[in-house]
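Data block below; observations after.
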Amino acid sequence: MNAAPSILTPAKIGPVEIRNRIVTSSMCLYFSGKNGEVTDKMTAFFVNRAKGGMGAFIIPANPHGENKRARGSLADDSRIAQWKPLLDAVHGAGAKVFCQIHPSSTQFGRKEFKSETSPFELTSTELQSLIESYAIGALRAKKAGFDGVEIHGAHGHEVALLLSELLNTRTDLYGGTLENCARSVTEMVIRMKELCGADFPVILRVSGEERIPGGRKLPESLKICQLVQKAGADAIHVSSGMPQSEEWECPPSEVEQGHLAWMGKALKEKLKIPVIVVGRVVNWEVGERMVDHGEADFIAVARASLAEARWADSISHLAKGEFYPVRKCIGCNQGCRTRREQNKSMAACLQNPVLGQEELLHITEDLKGKNVRVAVIGGGVAGLEAANVLSKRGARVTVFERENRLGGTFYWASKAPGKASYTNVIEYYEKLLPSQGVTIVLNRALDAVPEGDLVVLATGGDPIVPPIPIDESVKVWNALDFIKRNVFDAGRYVIVGDGIVGYEVADAVAERGKEAVVVGNDPRDPVATLGVARWHFMEKRFAESGVTLVRRSTVKSIDAKGLTVRDEEGVETRVEGKGPFECVLACGYKPASPEFIEKFQRNGVRTLLVGNAEKSGDAMDAIHGAFDKTISLAFGARG
Ligand SMILES: Cc1cc2nc3c(=O)[nH]c(=O)nc-3n(C[C@H](O)[C@H](O)[C@H](O)COP(=O)(O)OP(=O)(O)OC[C@H]3O[C@@H](n4cnc5c(N)ncnc54)[C@H](O)[C@@H]3O)c2cc1C
Ligand SMILES: Cc1cc2nc3c(=O)[nH]c(=O)nc-3n(C[C@H](O)[C@H](O)[C@H](O)COP(=O)(O)O)c2cc1C
Ligand code: SF4
């Protein structure tokens, strides 16, 4: 490619020029203080990405109501000053910052929130004061130093509800027809312009399609955008989904990159103002194509910027074919959505352990020149992350892997339906580690310790085999061997274990159109195990192909005709189907045995256990655990 990529050319929102077409869309990361304070954590996060080349950020702040950790507050005038250090630092790094005026209550429609959060019960006067509070929020944002604001009209928050012809039950001027449903937003735009001035940009974020039964489609969203444009808005930011269709707000790996490009094209054809388009843009070429093909003026990048702070900076290098390893978001939602929501904790990322701690954690080259030699045994994600950190610190690291490829179990996880992009995690290490001087030795199973200062035992766990009497006529596999074998010649499968691996095996079976029964005693619902987005698509496949879940139950025995299961109350039942079946055990992993570990400790070299070799967990546990253990590991006098 000769010319600079189109995605890196400057463009304007209203009068505000942005240095390129890349915007980090709004995310409630829970990096704020518990009363909505702007923290060093927030500043570090945004400044690192501004230095990493992002053109602009859209940062959420609530204009009214209760202040929370989810986002910074602009709920009263006393909150204006707290934004200055962050905004100065981000501006200093060349990026622009818009404030997403984000309601303080959360989405209506999620079962954990009560109906009081509905804006449909407000009187007309109360609704008008809500509109005014958004406008005052915009004025505070202007005073704080933001370059513009975004009205959060997507994903089922109060504005999205008011915009929804399907859900809006108001009978006054703010409900009923599409024009009436759009009125609160058009009035907001007009009032924001009155208070902040015509040249202070206002963006509307809208779900182009609500993706709920009977929900709004793009042609009606276009009409809303036209009304809002007429009211004076400076840009439209198109997303999709409502709380009941979260799989479209934060789509999983199986949804194609740039999946909303078609919406951007349709909107751009009819609107005069710029259109920002979000939606799983991970490979920069996808964003480039969208800009080149008239599908977007700006690309919004959310999760990809959590995984990689230098995402935007990588583009000019990658476009010239230069070496620039980047962590590519795999759409797993594990750290940024599922755990964040389940634990009410900060957003994290499966593959980027520094996210959320960027103000604190810096890998220093403290081992440089000290001739510290490290042998990492096992090239799964835990071993690779340990090798990454220790080599960055300056140790001489060699990774020994018994297979002919890196990645361990996670490589095989990527073979499950819709998870091909999971190999991004492994490819990143494959590129990065040799550039940091790490020697990779494949096809080498070690069972004794090489010379050195430290052995990192990253050999993974051993599959747990439950003591279930199984008739010898039934073929039995452990889950990993089954996935590796990739042969699905039985008519039916019984899968024992309803953790992530059990479901993934069932999904692989379902993809081949075969029947499966999954039996397990995990108390969590599958949606909790897999996350909303992945479960949504998997559940559909299960229904189509005939996967049955027998939950909160233990398998007592398996014979040629079927199995006997016992539920939580101790009631035993038979599960039988037609014809023969095979059995797959997905009952988890146990850590490396003491005898195994001892083999590596014989010559007195220090040993560090990481990943599943230390304790059973998923890939995020393995990567984060390896990072935590190696970043500050002290070495003796020689080291
Ligand atoms: C089907 C499936 C789907 C999954 N999906 C997900 C998911 O969506 N999200 C998630 O977070 N987790 C998922 N997991 C779990 C995840 O893959 C594991 O938790 C994680 O990969 C464990 O990493 P590890 O590095 O600790 O161990 P492993 O990946 O087991 O790596 C150990 C490595 O050590 C090598 N080794 C062992 N002994 C020796 C020796 N003596 N010498 C040299 N090399 C040796 C092995 O060959 C292997 O490469 C899934 C697992 C499966 C099976
Ligand atoms: C942790 C997290 C928090 C989010 N919070 C918000 C939010 O406050 N406002 C909003 O409009 N969208 C929010 N989103 C949605 C993102 O802005 C974005 O639309 C979505 O992640 C899809 O883009 P991506 O595929 O680039 O990640 C959030 C997404 C994530 C991952
Ligand atoms: S946790 Fe998964 S989806 Fe979220 S940013 Fe990281 S890789 Fe992407």
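Bridges between two residues of the stretch 452-584, per DSSP, are antiparallel at a rate of about 40%. Toward the positive end of the charge dipole of the chain, with +1 on the Cβ of Lys and Arg and -1 on the Cβ of Asp and Glu, the farthest Cα among His155, Val575, Pro60 is that of Pro60. Can you pick out the pairs among Lys12/Lys270; Lys484/Lys514; Lys328/Lys615; Lys34/Lys615; Lys514/Lys561 whose Cα atoms lie more than 21 Å from each other? With Cα atoms farther than 21 Å apart: Lys328/Lys615; Lys34/Lys615. In the stretch 577-593, whose amide N lies under 14 Å from the spot 7 Å out along Cα-to-Cβ of Glu472? List them in ranges. Label zone hits: none. Taking the DSSP beta bridges with both ends in the chain, the antiparallel portion is around 20 percent.
Would you work out if the stretch 125-247 is rounded, prolate or oblate? Take a ≥ b ≥ c from the square roots of the eigenvalues of the alpha-carbon gyration tensor; rounded if a/c is under 1.5, else prolate when a/b is larger than b/c, oblate otherwise. The shape class here is prolate. Mind checking the angle between helix 218-231 and the chain's longest principal axis? C-alpha axes, 0 to 90 degrees, to the nearest 10. Helix 218-231 sits at roughly 40 degrees to that axis. Give me the angle, in degrees from 0 to 90, between the Cα long axis of helix 532-545 and the longest principal axis of the Cα atoms of the chain, rounded to the nearest 10. That works out to roughly 60 degrees.
Only beta bridges with both residues in the stretch 6-323 are counted; by DSSP, about 10 percent of them are antiparallel.
Summing charges over neighbours of Lys615, with a neighbour being any other residue whose Cβ is under 14 Å away from its Cβ, gives -3 when K and R count +1 and D and E count -1. Beyond 25 Å in Cα-Cα separation lie the following of the pairs Lys320/Lys368; Lys41/Lys84; Lys590/Lys629; Lys431/Lys599: Lys320/Lys368; Lys431/Lys599. Here Lys578 is the anchor, and the aspartates and glutamates within straight C-alpha reach of less than 13 Å, apart from those fewer than 8 places off in the same chain, are Glu515. Can you bin the chain into rounded, prolate or oblate? Criterion: square roots of the alpha carbon gyration tensor eigenvalues sorted a ≥ b ≥ c, rounded for a/c under 1.5, prolate for a/b above b/c, oblate for the rest. Because a/c hits 1.5 or more and a/b fails to exceed b/c, the chain counts as oblate. Take the Cβ atoms of Glu37 and Glu572, set R0 to 51 Å, and the FRET efficiency comes out at 0.35. Other residues whose C-beta falls under 12 angstrom from the C-beta of Glu595 contribute a net charge of -1, scoring Lys and Arg +1 and Asp and Glu -1.
Applying a DSSP loop filter and a limit of 14 other Cβ atoms within 10 Å to the trypsin sites (Lys or Arg not before Pro) in the stretch 170-249 leaves Lys217. The alpha carbon gyration tensor of the stretch 380-534 gives principal lengths a ≥ b ≥ c with a/c of 1.5 or higher and a/b greater than b/c, which makes the shape prolate.
Values in this text are rule-based calculations from the coordinates and carry no lab data. Just so you know, these numbers come straight off a predicted model, no measurement behind them. Note that each Cβ is placed from the backbone with ideal geometry, even for glycine, and that neighbours are counted across all protein chains shown.
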